[in-house]
Amino acid sequence: MFKRAQTWIIILATLLTGTLLFTDLCYTMVPNEITGKMERESISFLENQQYLVFTIVTFALTIIAQFYHKYFHLQRRVCTICMLILFAFQAFIVYHFFMLKDVYSFTIFSLFPTITIIVLFIATRYIQRDETVDYLNYLIANNKVKRKAKKVKKR
């Protein structure tokens, strides 16, 4: 399982989506009414229900993709579905960016869905490569079996 490159790439995608559970999406500085000092007020990914659902679903899909390491076509499909959900997640973040850009400053973590899409795309390329190599090895093995069977019949 850990010998293939796509396994490590999917682990990276899992870590990227997992960090969204513990980070802030955006923040603003507001004055404290008592002390008059500026305090940071932030919106985390856990506070908004839509962000929470997107984060948990994509985190779960990347974990599920790990367990399909023996079934290349299923692993590739799960990664593709996860990329589509992450694209919708990033579109949702961009929508909120344009709604809140005057008040809030967005953190680097708001770009993690895009980074995860790129990482999962690279993983799907590696999965496709391994799937092709596995299929070619299967064809070569069956072709050798057919050649041996023809030699036995000729005798």
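Quick notes
- Take each peptide in 12-24, 34-46, 65-77, count the other Cβ atoms within 10 Å of every residue, and average; sorted highest first, the result is 12-24, 65-77, 34-46.
- For Leu21 and Tyr95, a Förster radius of 22 Å and the Cβ-Cβ distance give a FRET efficiency of 0.55, rounded to the nearest 0.05.
Quick note: the coordinates plus some simple rules give every number you see, no bench work behind them. Everything quoted here is computed from the prediction, not taken from an experiment. All Cβ positions, even for glycine, are placed from backbone atoms using ideal geometry, and neighbour counts span all protein chains on display.
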